[in-house]
Protein chains: 2
Amino acid sequence: MALEHAILVSLLEQPGSGYELARRFDRSIGRFWTATHQQIYRVLRRMETDGWIAVEEVAQDGRPDKKVYSAAAPGRAALASWLREPVEPETVRHELAVKIRAAAFDDQAALTSLISEVERHRESHAALLARYLTGERRDFPDLTSPSAQQELQHVVLRGGIEYERMTLAWLDDVLATLHRIAN
Amino acid sequence: MALEHAILVSLLEQPGSGYELARRFDRSIGRFWTATHQQIYRVLRRMETDGWIAVEEVAQDGRPDKKVYSAAAPGRAALASWLREPVEPETVRHELAVKIRAAAFDDQAALTSLISEVERHRESHAALLARYLTGERRDFPDLTSPSAQQELQHVVLRGGIEYERMTLAWLDDVLATLHRIAN
DNA sequence: TCCTGCTATGCAACGAGTTGCATAGGCAAT
DNA sequence: ATTGCCTATGCAACTCGTTGCATAGCAGGA
């Protein structure tokens, strides 16, 4: 279980409310660990009960109040001991790959609809890659001596960028293959 | 939900028992859709109740009996309508990426233990890539006119191969970065 | 002989994750 | 004026996925 830990890392990088965390998970972190707002709120409450995080109620004008969370000492300790545990292999759930193999057992129409699905998929990966690259230029300009935190955030982002590049190239391969079959 | 569909595809490619399916999921399909044997048995029973698959009890000598499942017409129909639904974006749960960012908030010892974790991770990806490449040579020799099924299986495998190559390169980048920070 | 490991299936309990819905004020556009 | 969207938090019900355990026969090695 690592949602707690992903939240702790995010709060250490920058304190925030459940809502803000949910949006961060939709952006950068979310590509490595997805979570909905309900999940986040539930886990935040548990973490607060366990003393892993501290809360501060913040009144805002023009907007509902929010609870700003930040990592507390027991949370840091929990994160430290988790860091020393062995890493589990990443789990991938690639629905598209299953569909591609499924297309062998269906007709021409299914192939055509799959092609447009793959194209749509390709679009969204291209858009995400563009967003990553923009973020990289903004957040990681050439520095003579970046901090450890920046270096680590950057290498994870580079992983995302390379993943998207690889995926785009593979989707092109998939499209070429589907067209060859459908000809 | 796509475990049903992944099982259907696997049964269409080749009928088999729950146990055999579990092993297939540990091999090829498992890298695109993971499932434990308990999950598989539970879903198989549901699919049988719904008439998606047919069962045949097969006695074996020297081994326990097994139930060999195969896809039935309603199952094929369910697969066909699923194929026409929009694809959801793949979900990735990349614990290692979270740990790398977490390392910014811990000490030198954590960094050292993370480095050996990344190296172990790298080993297993290298081993998987080797297995994929062996499988590719075995299952997809140069053919003048491969079947649609072969083409589709092959393009999915190429995706796995490229994913592993990309991951290996990234893990090297991660190791270089971690060493730079630890120096 | 005992221990380990493989084939083969399954139950029970729990924890993780999803879906639908609810509240509630403010802002912007139609 | 009403509709729709954004911030902000949360409950309830459900399904999915994991973990631990159980059974049971056979094979192979210390």
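The values are calculated or read from the model by the stated rules, or taken from the named source; none is laboratory data. Note that the structure is predicted; figures quoted are calculated from it, not measured. All Cβ positions, even for glycine, are placed from backbone atoms using ideal geometry, and neighbour counts span all protein chains on display. Ligands, DNA and RNA are excluded from the accessible area calculation, which covers all protein heavy atoms including side chains. Shrake-Rupley method; radii C 1.70, N 1.55, O 1.52, S 1.80 Å.
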If ligands, DNA and RNA are left out, what is the accessible area of residue A:163 with a 1.4 Å probe, given in Å² to the nearest 10?
40 Å²
What are the semi-axes of the equivalent ellipsoid of segment A:1-144, taken as the square roots of 5 times the eigenvalues of the Cα gyration tensor, listed largest first and rounded to whole Å?
36, 20, 18
Relative contact order %, chain B, counting alpha carbon pairs below 8 Å whose residues are six or more apart
18 percent
Taking the full set of protein chains and a 1.4 angstrom probe, give the accessible area of residue A:106 in square angstrom, rounded to the nearest 10.
40 Å²
Measure out, as a whole number of angstrom, how far apart the alpha-carbon centroids of segment A:24-92 and segment A:98-177 sit.
26 Å
GNM result for chain A, Cα springs below 10 Å: residue of A:17, A:147, A:28 fluctuating most strongly
A:147
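Considering just Cα atoms, how many Å³ per residue does the convex hull of the protein assembly as shown enclose? Show your work: numbers first, answer last.
Values: hull volume 69.6 nm³, N = 366.
Spelled out: Cα convex hull of the protein assembly as shown, divided by residues, is 190 Å³.
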Per DSSP H run of at least 4 residues, take -39500 (n - 2.57); add these up for chain B, divide by its residues and hand me the 222 nm value, nearest 500 deg cm²/dmol.
-22000 deg cm²/dmol
Inter-copy spacing of residue A:51 label points, which lie 7 Å from Cα along Cα→Cβ, given in nm from shortest upward:
6.0
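What dipole magnitude, in Debye to the nearest 20, does the protein assembly as shown give about its Cα centre under +1 on Lys/Arg Cβ and -1 on Asp/Glu Cβ?
Numbers: 46 positive and 54 negative charges, 40 e Å.
My answer is approximately 200 debye.
Among the chymotrypsin sites (Phe, Trp or Tyr not before Pro) in segment A:1-95, which ones are in a DSSP loop with at most 15 other Cβ atoms within 10 Å of the Cβ? Mind listing them?
When the chymotrypsin sites (Phe, Trp or Tyr not before Pro) of segment A:1-95 are filtered for loop state and at most 15 Cβ neighbours within 10 Å, nothing remains.
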Rounded, prolate or oblate for segment B:3-83? Axes are the square roots of the Cα gyration tensor eigenvalues, ordered a ≥ b ≥ c, and the cut-off for rounded is a/c under 1.5.
oblate
Closest approach to the axis - chain B beta-carbon, rotation onto A, Å:
B:166, 2
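Once you average over the residues of A:57-69, how many Cβ atoms of partner chains fall within 10 Å of each Cβ?
Numbers: counts 0, 0, 0, 0, 0, 0, 0, 0, 0, 0, 0, 0, 0.
Per residue, the average neighbour count from other chains is 0.
Using the Kirkwood formula on the Cα atoms of segment B:88-131, what hydrodynamic radius do you get, in angstrom to one decimal? Mind showing how you got there, number by number?
On the way: mean 1/r = 0.0832 Å⁻¹.
Computed over segment B:88-131, the radius equals 12.0 Å.
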In nm to one decimal, list the spacings between the residue A:120 label point and its equivalents in the other copies, with label points set 7 Å along Cα to Cβ, shortest first.
4.1
Rounded to the nearest 10 Å², what accessible area does residue B:3 have for a 1.4 Å probe in the complete protein model?
10 Å²
Shortest first, in nm, what separates the label point of residue A:23 from those of the same position in the other copies (7 Å along Cα→Cβ)?
5.2
Solvent-accessible area per residue, Å², over the protein assembly as shown with all protein chains present [probe radius 1.4 Å]
51 Å²
Relative contact order of segment A:3-83: what whole-number percent is it, with Cα pairs under 8 angstrom and at least 6 residues apart?
35 percent
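Go ahead and run the numbers for FRET between residue B:63 and residue B:27, Cβ-Cβ distance against an R0 of 25 Å, rounding to 0.05.
Details: r = 20 Å, r/R0 = 0.81.
Here the calculated transfer efficiency is 0.80.
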Those residues of segment A:64-99 whose amide nitrogen sits under 16 Å from the label point placed on residue A:41, 7 Å along Cα→Cβ
A:64-69
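Please compute one quarter of the surface area of the Cα convex hull for segment B:118-174 and express it in square nanometres. Before the final figure, lay out each step's value.
Details: hull surface 15.5 nm².
Dividing the Cα hull surface by four gives the mean projection, 3.9 nm².
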Just the number, please: Stokes-Einstein D of segment B:59-177 in µm²/s, Kirkwood Rh from C-alpha pairs, 37 °C, 0.692 mPa s.
175 µm²/s
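Using r as the Cβ-Cβ distance of residue B:112 and residue A:91, and R0 as 25 Å, what FRET efficiency do you calculate, to the nearest 0.05? It would help to have the intermediate numbers written out before the result.
Working: r = 26 Å, r/R0 = 1.05.
Plugging the Cβ-Cβ distance into 1/(1 + (r/R0)^6) gives 0.40.
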